[in-house]
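Below is one structure, written out as structure tokens, with a few remarks after it.
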Amino acid sequence: SGTFHADEIFATLILSIIKENIVVYRTSEANDEMKNSDCIIYDVGRGELDHHQKGGNGTRENGIMYAACGLVWKKYHEDVFVKLGIDKKDWDYLYSQIDKNLIQFIDANDNGLTPDIGVDYKYVTIASIVASFNPRWDEDMALSNERFLNAMDICRKVLENEVLSQISKLKAKDKVEEAIQNSKNHILILEEYMPWQDFVLSTDSDKAKDLWYAIYPSKRGGYALHCVVKKLGSFENRKSLPLEWAGLENEKLQEVTGVAAARFCHTARFLATTDTYEAALKLAEIAVNNRGE
């Protein structure tokens, strides 16, 4: 009871997927009656789904300690997938992706493990947004339960969107794997716009390790030439586009590259766009052979 965090909000949301018409009882200490009933006790009680006991309650291989959210996700994710009708062969992938892209940050924040990014402005996160729903210092704390439900309404969309996004992304996996096997000259070619970076960087394929660029139809029309990063979350490319292209567009880019349908190159040199597939492929070939910075 009292002040709430993203940890118990998302743990509650996970359970609400698999348990219909749940009743949530917020308390600071689980009593014997709760422990001897069919209640699911989490984030209090020092039990299986709590992390406040001395030494915590488990740590991932990357050092992120489990909080209640991660413990609930670890124990009940299969029940969630059954409820959503997910094919069992995809469970491991979806479990790890959702854990990595959402749950781990919530756990890290709750355990005080989020990094200091060294800025003098507020670092807005899902955890800080949830925290802002708590009654303010000059408000009645009796509003806490109402605000808890308000925060849940917002976070429900976040959780649903993450789950649906990962399910959608999974549909592209086989297509990307096939494109990887068909790739040559460090260039991945995709026939349609789809998520691809995660699969290129996580696959066991040796050919994927040799990819520098991807070409795909752009959502804005034309084609995109995109660099492959060294690791997920990094802005460092395996091989950036040529320095002399940086920030150029239309006629200026066409003059420098000799490619008539070239449209734009980002100043950070991770993306270029063209009007045609042929132009994108030509830019990629030039970039592959470029020996400059």
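Values in this text are rule-based calculations from the coordinates and carry no lab data. These numbers were taken from a predicted model, which means no experiment stands behind them. Cβ sites come from the backbone with ideal geometry, for glycine too, and all protein chains shown count toward neighbours.
Over the chain, what is the percentage of antiparallel beta bridges among all DSSP beta bridges, to the nearest 5?
On the way: 16 of 19 bridges.
So the antiparallel bridges amount to about 85 percent of the total.
Taking the chain as a Gaussian network, Cα atoms linked when under 10 Å apart, which of Glu249, Glu177, Glu139 shows the biggest mean-square fluctuation?
Glu139
Given springs between every Cα pair under 10 Å in a Gaussian network model of the chain, which of Ile189, Ile40, Ile64 has the largest fluctuation?
Ile40
HN-Hα J couplings of the stretch 258-275 from phi, Karplus 6.51/-1.76/1.60, θ = phi - 60°, integer Hz, Gly and Pro as x?
Once θ is set to phi - 60°, the couplings for the stretch 258-275 become x, 10, 5, 9, 5, 10, 6, 9, 5, 4, 7, 6, 9, 8, 9, 10, 9, 7 Hz.
Taking the Cα centroid of the stretch 139-209 and of the stretch 1-77, what is the distance between the two, rounded to the nearest whole Å?
Cα centres, the stretch 139-209 to the stretch 1-77: 25 Å.
How large is the direction-averaged shadow of the alpha-carbon convex hull of the stretch 1-57, in nm²?
About 4.3 nm², averaged over all directions.
Skipping prolines and chain starts, which residues have an amide H placed within reach, meaning under 5 Å, of the one on Met65, given they are 5 or more residues away or on another chain?
So Met65 has HN proximity to Arg60.
Can you list the HN-Hα couplings for the stretch 172-182, worked out from phi with the Karplus curve (6.51, -1.76, 1.60; θ = phi - 60°), rounded to whole Hz and with x for Gly and Pro?
Per residue, the Karplus-derived 3J(HN,Hα) values read 8, 4, 5, 5, 5, 4, 5, 5, 4, 5, 8 Hz.
Given R₀ = 22 Å, FRET efficiency for Ile129-Asn101 by Cβ-Cβ distance, to 0.05?
Once rounded, the FRET efficiency stands at 0.85.
Under a point-charge model restricted to the Cβ atoms of Lys and Arg (+1) and Asp and Glu (-1), what is the dipole moment magnitude of the stretch 173-293 relative to its Cα centre, in debye to the nearest 20? Mind dumping the intermediate values first?
Working: 16 positive and 18 negative charges, 53 e Å.
Its charge dipole is roughly 260 debye.
Of the candidates Val163, Val23, Val80, which one comes out as most mobile in a Gaussian network treatment of the chain with C-alpha springs shorter than 10 Å?
Val23
Rounded to the nearest 0.05, what FRET efficiency do Asp120 and Arg220 have when you use their Cβ-Cβ distance and R0 = 45 Å?
Details: r = 35 Å, r/R0 = 0.77.
The pair Asp120/Arg220 has a calculated efficiency of 0.85.
Taking 8 Å as the Cα distance limit and 6 or more residues as the minimum spacing, I'd like the relative contact order of the chain as a percentage. Let's see the in-between values first.
Values: 395 pairs, mean separation 35.9, N = 293.
After rounding, I find 12 percent.
Output the 0 to 90 degree angle, nearest 10, between the alpha-carbon long axis of helix 6-18 and the longest principal axis computed from the alpha carbons of the chain.
90 degrees
Under a Cβ-Cβ cut-off of 15 Å, what is the net charge of the residues other than Glu285 that fall near it, where Lys and Arg count +1 and Asp and Glu count -1? Intermediate results must be reported in sequence, preceding the final value.
Numbers: positive: Lys184, Lys239, Lys282, Arg291; negative: Glu278.
Net charge around Glu285: +3.
Roughly what would the spin-label model give for Val256 and Trp137, points 7 Å off Cα along C-beta, in nm?
5.2 nm
By how many nm would the segment from Lys54 to Arg291 grow when fully extended, if each residue of separation counts as 0.36 nm and the alpha-carbon distance is taken off? Could the numbers behind the result be given before it?
On the way: separation 237, 0.36 × 237 = 85.32 nm, distance 5.55 nm.
Gain on stretching Lys54 to Arg291: 79.8 nm.
Name the residues whose placed amide hydrogens come within less than 5 Å of the amide hydrogen of Leu188, ignoring near sequence neighbours (fewer than 5 apart) on the same chain.
Trp212, Tyr213, Ala214, Ile215
What length, rounded to one decimal in nm, is gained on full extension from Thr27 through to Lys231, with 0.36 nm per residue of separation minus their alpha-carbon distance? All intermediate terms of the calculation are to be shown ahead of the outcome.
Working: separation 204, 0.36 × 204 = 73.44 nm, distance 4.22 nm.
My answer for the length gained is 69.2 nm.
Whole-Hz Karplus ³J(HN,Hα) for the stretch 192-206, in order, using 6.51 cos²θ - 1.76 cosθ + 1.60 and θ = phi - 60°, x for Gly and Pro?
8, 5, 6, x, 9, 4, 4, 6, 4, 8, 10, 5, 8, 5, 5
In nm, give the distance between the simple-model label positions of Glu160 and Asp204, each being 7 Å from the Cα along the Cα-to-Cβ direction.
Using points 7 Å along Cα→Cβ, the separation is 3.8 nm.
Using a Förster radius of 25 Å, what is the FRET efficiency between Leu113 and Asn145 based on their Cβ-Cβ separation? Nearest 0.05, please. Mind dumping the intermediate values first?
Working: r = 28 Å, r/R0 = 1.13.
FRET efficiency, Leu113 to Asn145: 0.30.
Give the share of C-alpha pairs in each 5 angstrom bin for the stretch 209-293, from 0 to the last occupied bin, in whole percents, shortest bins first.
3, 17, 28, 28, 16, 6, 1
Going toward the positive end of the dipole of the stretch 232-279, with +1 on Lys and Arg Cβ and -1 on Asp and Glu Cβ, which of Phe235, Val256, Ala272 do you reach last?
Among Phe235, Val256, Ala272, the one farthest towards the positive end of the dipole of the stretch 232-279 is Phe235.
Between their Cα atoms, which of Lys209/Lys252; Lys35/Lys89; Lys171/Lys207; Lys231/Lys252 are more than 23 Å away from each other?
Lys209/Lys252; Lys35/Lys89; Lys231/Lys252
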